[in-house]
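Structure record follows, encoded as structure tokens.
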Amino acid sequence: MEFGWTDDQIEYRRKVKQALDELLPPDWDERYVPESYASDLQVEYSREFCAALAERGLLLPHWPARFGGSDCPDWYHFILGEEMKAAGEPRGSQYMNVNWIGPTLLKYGTSEQQARHVGGISAGNVIWCQGFSEPNAGTDLAALRTRAELAGDHYVVNGSKIWTSYARKADWCFLLVRTGPARKDVSILLVPMDSPGISVTSFPGLIKDGHLNEVFFTDVRVPVANRLGEEGQAWSIVTHALAYERVGVPRYHTGLDALDLAVERLKADGRWEADPIMRYRAGLLVAKFEAARMMTYLVVDQRVKREPPSTDANLSRVVSLEAVTEMSNFLADYLPDCLTGGDALLEDYYRINIPAGITGGTNEIQMDLVAQRGLGLPKA
Ligand SMILES: Cc1cc2nc3c(=O)[nH]c(=O)nc-3n(C[C@H](O)[C@H](O)[C@H](O)COP(=O)(O)OP(=O)(O)OC[C@H]3O[C@@H](n4cnc5c(N)ncnc54)[C@H](O)[C@@H]3O)c2cc1C
């Protein structure tokens, strides 16, 4: 097995790093990063940043050339993700456009839908949000109750979504709606966020700003032409769209950076040399993050080879989340002051990772999938 990068991939990474150096504002680390990548400030900035990346031909390496991409293997997309994550995700919400919303439109969209949306995504200046979860439909998404009723050439949507990251600044919502009584009767609508009858309310929480929003729909009229796929086809589209989405978050990158920073602090106050258990835990963390890296690379490799999604994808998330949780515990045990305003960068890491085991399918569900599909164990 070859673990090295090709010369082309190394060159692509160099160009991405160079773009980050040249494009990010000088106060990026102090002003933007602590705000979180879902904050209004950062989401707005992403329009400028992604447009500049697109101009340099770096935004969509793995997309087909006829849609603005460079026809590169998925490794390039992954290199982009690693570097962006390490830099504090200056793409804001637009990582979703590139990872799954755009590709889904390319696969399932009508030519009119593609003409309307793909140009904006590939130009790097459109914000989408994902309207899936509801107050009583998270893990059990099929319990969703937001209804879309057909009335001639449009649907009338009523209901609400919750946890909708980026909703305050989004131009469009990729919305799951119920279009019939059975659990499977769920469809996808592409909804302009400035449609009459939509309102967004944010609420506070431990996680940083921009993620915790509710979106209310009251008699919102959405043209039938904005439905993606057929009525009732949502599950097959969403399953396809998100099959690999959750693997693409290289948390080991930021985890190792945070660990370096923590060790620096612990050395500075003399505790590092004095505490062998602390050093043992730090060593274990490096091993866990590296294991997460290898698992992630394995899954990206499967994707590049067009192999069907396997439980390795779920396992890689579990390994990654275990490392992240252990890293947060390490900070809480040894540097608790950092988490209450004493150190902006470590506090940033801690807060942004609070929901790591929840977003995009909880850790328990990932383990269930590994148990049932990977190990053939009976359903609990
Ligand atoms: C920061 C953040 C951003 C988010 N952004 C978005 C977004 O942009 N768009 C969007 O649509 N959603 C978003 N979400 C919602 C996220 O997808 C849900 O929180 C997640 O799917 C879990 O659903 P829930 O919160 O309803 O928890 P629940 O489904 O109620 O789960 C609660 C607990 O019960 C466990 N559990 C539930 N069912 C089972 C089972 N069958 N077996 C074992 N354990 C089980 C879960 O693992 C969990 O520990 C976001 C969430 C967060 C925290």
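Overall, the stretch 243-374 carries a charge dipole of about 500 debye about its Cα centre when +1 sits on the Cβ of Lys and Arg and -1 on the Cβ of Asp and Glu, all other atoms neutral. The spread of Cα positions in the stretch 120-159, taken along each principal axis and listed from longest to shortest, comes to 35, 33, 13 Å.
Of the residues 341, 365, 323, the one whose Cα sits farthest towards the positive end of the charge dipole of the stretch 245-368 is 365 (charges of +1 on Lys and Arg Cβ, -1 on Asp and Glu Cβ, taken about the Cα centre).
Ordering of 204-210, 339-345, 372-378 by packing is 204-210, 339-345, 372-378, highest average first (other Cβ atoms within 10 Å, averaged per residue). With all protein chains kept in place, the per residue accessible area of the chain amounts to 46 square angstrom at a probe of 1.4 angstrom.
In the stretch 243-374, the alpha-carbon atoms span a convex hull of 100 Å³ per residue. Rolling a 1.4 Å probe over the protein heavy atoms leaves residue 8 with an accessible area of roughly 100 Å².
Partners of residue 305 within straight-line reach, counting lysines whose Cα lies under 21 Å from its Cα and excluding those fewer than 8 residues away in the same chain: 107. Shape analysis of the stretch 130-232 based on the Cα gyration tensor places the equivalent ellipsoid semi-axes at 22, 16, 10 Å, largest first. With N the number of residues in the stretch 7-126, Rg(Cα) / (2.2 N^0.38 Å) evaluates to 1.03.
Highest mean packing first, where packing is the average number of other Cβ atoms within 10 Å per residue, the peptides 303-311, 318-326 line up as 318-326, 303-311. Summing charges over neighbours of residue 264, with a neighbour being any other residue whose Cβ is under 13 Å away from its Cβ, gives -1 when K and R count +1 and D and E count -1. Per-residue ellipticity at 222 nm computed for the chain from its helices equals -14000 deg cm²/dmol, with DSSP H segments shorter than 4 residues left out and the rest contributing -39,500 (n - 2.57). Cα-based values for the chain, radius of gyration first and Dmax second, are 21.2, 74 Å.
Check cross-link reach from residue 169 to the lysines: straight Cα distance under 18 Å, and skip same-chain residues fewer than eight apart. Answer for residue 169, where 18 Å is the Cα cut-off: 161, 208, listed by chain and number. Largest first, the three principal axis extents of the alpha carbons in the stretch 146-295 are 73, 31, 24 Å in whole numbers. For the stretch 1-149, the fraction of 1.4 Å probe accessible surface lying on carbon and sulfur atoms is 47 percent. The spacing between the stretch 32-106 and the stretch 148-208, judged by their C-alpha centroids, is 24 Å. Relative contact order for the chain: 14 percent, from Cα pairs under 8 Å spaced at least 6 residues apart, divided by residue count.
The values are calculated or read from the model by the stated rules, or taken from the named source; none is laboratory data. Model, not experiment: these values are computed from the prediction. Neighbour counts are summed over all protein chains in view; Cβ atoms, including those assigned to glycine, are modelled from backbone coordinates with ideal geometry. The protein model used for the area step is the full one, side chains on, heavy atoms only, and it has no ligands, DNA or RNA in it. Shrake-Rupley method; radii C 1.70, N 1.55, O 1.52, S 1.80 Å.
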